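One structure is given here, and the rest of the page talks about it.
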Amino acid sequence: MAMSDLYREHILDHYENPRHHGTLADADFSHEESNPLCGDHVRIDVKLSEDKTRIADAAFSGEGCIISQAATSMLLESVMGWRIDDVEQLDPQHVLSLIGVPLTANRVKCALLGLKVLKTGIKLWKLQQMQHSA
Amino acid sequence: MHTQREFFDVHAVRRDFPILQQRVNGKPLVFLDSAASSQKPLPVLEAMERVYREAYANVHRGVYALSEAATAAYDEARAKIARFIGAPAVENIVFTRNATEALNLLAYAYARAFLREGDEILLTELEHHANFVPWMVLARERNVTLKFIPLTPEGLLDLDAFERLLTERTRIVTFAHVSNVLGTITDPAPIIARAHAAGAIVIVDGSQSVPHMPVNVQAMDCDFLVFSGHKMLGPTGIGVLYGKRALLEAMPPFLTGGDMISYVGFDDVRWNDVPLKFEAGTPAFVEAIGLGAAVDYLSALGMDAVRAHEAQLTAYALERLSEVSGVRIYGPQDPQRRGGVIAFTVNRIHPHDLASLLDQHGIAIRAGHHCAQPLHQRLGVNATARASFYIYTEPSEIDALAEGIEHAKRALRIS
Ligand SMILES: Cc1ncc(COP(=O)(O)O)c(C=O)c1O
């Protein structure tokens, strides 16, 4: 694999100009996690649609390597407007194909950190809703 | 006995390490992660294979020839290791899985038996998680207080602060002889003498010193020393706890079961003598024999020569890396005060990305917090890159690292 392959233009672009970066003041929920291997950190804030079924807006913040930050940027760009039920079921392969270059096992963990944060955030939010209505 | 030369032939050493001959991503492998785990020379691989092929049976259990042969080889390995660290006798050497297990053994068997609420344990800000978390768990469980010796800006232990933190309540003082991040070498003897005068015992984490320099437990007078075989040319799954005999005898066992008993009845059990009291179950004796062969290999080179080789490489690396713009090196600048470990960051490149980019050039370094997150909090960074050296490392590999960093900067459009 040539050097340029791992850090292709679109990956560097997402790292240098991250989409949906920052925090949301009116988020319905937010969640954050670290990768214990390297300490990379991602927080995602999510604003839901009126009927609370879809992602209306989302933003991420944190610190980490190019792969973790670019993958989260690509992920949020791609799931805007999606049903949260679908995001919860999202195949990790979706993120890996957005990255589009082969990753070693440890770097896969970097790439999937954002997805893990988003899915766990949704799950915890749903749990909270169930407890409220119970 | 062994002839101690000042230096050894690195090319001859490299021929003993088949793994170093390979290419990674089309480039010759440049392995700069020996602080995490070292590579293994042929004599170690052959010693272990010989046991499995010719003399394998469970130790301490059979009266037949094979078991006797395996037991004798296991005992001989223990004797080699005792000699290697200057221990008075084989009874001082307890085999564990690794340094981590040895430290847990001390936290469970020693500290839980002898520490009381309000007692204090003094550790340092640069400890590996292995010498941190077991004490944290103990502190929560037993209301024991942990105190931390801070670092000077240069990355040395602040010995004035140590004097202030040492009190009559201090029961254990523990520190890494060599830091796995900053490389800091701490002179153990003065600290140990002060701790003993205050009535504390001392545990030295020798994980990064025993593989790389002469270590003599009687000269430093530590109460316990721990280290892992896999960082010193030996296999995984074998580590060592050295302890003073009276302390080992006073301690209750850690794990219990077979081998560690002298008598078991329906309502009575008596422990075996040290060191077997601490070795429950079938031990990793093939690995211990492999570690014995590793110790032979290192002794033949001479630990003074090993240290001289690494000090020279470290001096060269400090110089070479500081010429690369954007590189920041952590830890003491004086190569005589540090082991062959260099943690660094490159401006605007995350260590992970650097490690991936270097990997594409066949260069293996570590990136992350190196199991020392509290230290990284002190340094004010989430992660660092780390290059570490051993007997098979050559100056040309440090050149490759420096050039690799320049490549990485270009790939990420950083000038
Ligand atoms: C200073 C230090 N202490 C303890 C350990 C733990 O060693 P092991 O993982 O072999 O138990 C290490 C290994 O990384 C180390 O560098």
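The values are calculated or read from the model by the stated rules, or taken from the named source; none is laboratory data. A quick note: this is a predicted structure, and the numbers were derived from the prediction, not measured. Don't worry about glycine lacking a Cβ; one is built from the backbone with ideal geometry, like all the others, and counts go over all protein chains shown. Ligands, DNA and RNA are stripped out before the accessible areas are found, and what is left, the full protein with its side chains, is counted by its heavy atoms. Shrake-Rupley method; radii C 1.70, N 1.55, O 1.52, S 1.80 Å.
Between B:L159 and B:T145, the simple label model (points 7 Å from Cα in the Cβ direction) yields a spacing of 2.5 nm. Estimated at 0.36 nm per residue, the fully extended path between B:A250 and B:Q218 surpasses their Cα-Cα distance by 9.6 nm.
Dividing the convex hull volume of the alpha carbon atoms of the range B:329-415 by its residue count gives 106 Å³ per residue.
If you plug the beta carbon distance of B:I19 and B:E168 into 1/(1 + (r/R0)^6) with R0 = 51 Å, you get a FRET efficiency near 0.50. Computed over protein heavy atoms with a 1.4 Å probe, the carbon and sulfur contribution to the accessible area of the protein assembly as shown reaches 51%.
The HN-Hα couplings worked out from phi for the range A:81-89 by the Karplus form 6.51 cos²θ - 1.76 cosθ + 1.60 (θ = phi - 60°) are x, 6, 6, 5, 4, 6, 5, 4, 8 Hz, whole numbers, x standing for Gly and Pro. With viscosity set to 1.002 mPa s and temperature to 20 °C, compute the Stokes-Einstein D of the range A:72-134, Rh being the Kirkwood radius across alpha carbon pairs; µm²/s, no decimals. Roughly 169 µm²/s, to the nearest whole number. Taking Rh as the Kirkwood radius computed over C-alpha pairs, what is the Stokes-Einstein D of the range B:211-278 at 20 °C in a medium of viscosity 1.002 mPa s, expressed in µm² per second? Estimated via Stokes-Einstein, D reaches 152 µm²/s. How far is helix B:285-301 tilted off the main Cα axis of chain B, in degrees rounded to 10, range 0 to 90? On a 0 to 90 degree scale, this one is about 50. With only the Cα atoms considered, chain A has a convex hull volume of 104 Å³ per residue.
The angle separating the long axis of helix B:188-197 from the principal Cα axis of greatest extent in chain B is about 40 degrees. Ranked by the mean number of other Cβ atoms within 10 Å per residue, highest first, peptides B:54-64, B:22-32 order as B:22-32, B:54-64. Between the Cα long axis of helix A:105-133 and the first principal axis of chain A there is an angle of about 0°, rounded to the nearest 10.
Grouping the Cα pair distances of the protein assembly as shown into 10 Å bins from zero gives a pair-distance distribution of 3, 16, 23, 23, 19, 12, 4, 0, 0 percent in increasing distance order. Distance from the Cα centroid of the range B:205-231 to that of the range B:1-68 is 20 Å (rounded to whole angstrom). Couplings 3J(HN,Hα) of the range B:75-87, computed from phi: 4, 5, 4, 4, 5, 4, 5, 4, 5, 4, 9, x, 6 Hz, in residue order, whole Hz [Karplus 6.51 cos²θ - 1.76 cosθ + 1.60, θ = phi - 60°; x for Gly and Pro]. Based on the convex hull around the alpha carbon atoms, the range B:28-169 presents an average projected area of 13.7 nm². Basic side chains Lys and Arg get +1 at the Cβ, acidic Asp and Glu get -1 at the Cβ, and with that the dipole of the range A:3-129 about its Cα centre reaches some 320 debye.
The simple Förster model, with R0 at 45 Å and r as the Cβ-Cβ distance, assigns B:E54 and B:V264 a FRET efficiency of 0.85.
Return the loop-located chymotrypsin sites (Phe, Trp or Tyr not before Pro) in the range B:237-304 (DSSP other than H, G, I, E, B) with at most 10 other Cβ atoms within 10 Å of their own Cβ; answer none if there are none. Passing both the DSSP loop test and the Cβ count: B:F266.
What the phi angles of the range B:165-173 give under the Karplus curve with 6.51, -1.76 and 1.60, with θ = phi - 60°, is a coupling list of 7, 6, 10, 6, 8, 5, 10, 9, 10 Hz, glycine and proline written as x. Peptide B:382-393 has a mean of 1 when you count, residue by residue, the C-beta atoms of other protein chains within 10 Å of its C-beta. Expressed to the nearest 5 percent, the antiparallel share of DSSP beta bridges inside the range B:175-268 is 55 percent. Inter-label distance, B:K27 to B:S396: 1.5 nm, where each label sits 7 Å from its Cα along the C-beta direction. Per-residue shielding of A:57-66, expressed as the average number of other chain Cβ atoms within 10 Å of the residue Cβ, stands at 3. Projected area of the range B:45-300, taken from the Cα convex hull and averaged over every viewing direction, in nm²? Computed as one quarter of the Cα hull surface, the answer is 14.4 nm².
Only DSSP H runs of four or more residues enter the estimate; each adds -39500 (n - 2.57), and after division by the residues of chain A the mean residue ellipticity at 222 nm equals -15500 deg cm²/dmol.
Annotation for A:V101 and B:H129: the two label points, set 7 Å from Cα along the Cα-Cβ direction, are 2.8 nm apart. Using the Cβ-Cβ distance between B:R116 and B:A193 with R0 = 22 Å, the FRET efficiency computed as 1/(1 + (r/R0)^6) comes to roughly 0.35. Antiparallel beta bridges, as assigned by DSSP with both residues in the protein assembly as shown, represent about 70 percent of the total such bridges.
With solvent modelled as a 1.4 Å probe, how much accessible area in total do chains A and B shield from it at their shared surface, in Å² to the nearest 100? So the total buried area for this chain pair works out to about 1600 Å². Shielding by partners for peptide B:350-361, expressed as the average number of C-beta atoms from other protein chains within 10 Å of each residue's C-beta, is 6.
Considering only beta bridges that DSSP places wholly inside chain B, some 60 percent are antiparallel. The residue list B:N25, B:I85, B:S67 was ranked by how far each Cα lies along the charge dipole of the range B:1-133 toward its positive end, using unit charges on Cβ atoms, and B:N25 comes out on top.
Peptides A:121-130, B:218-227, ordered by how many other C-beta atoms sit within 10 Å of their residues on average, highest first, read B:218-227, A:121-130.
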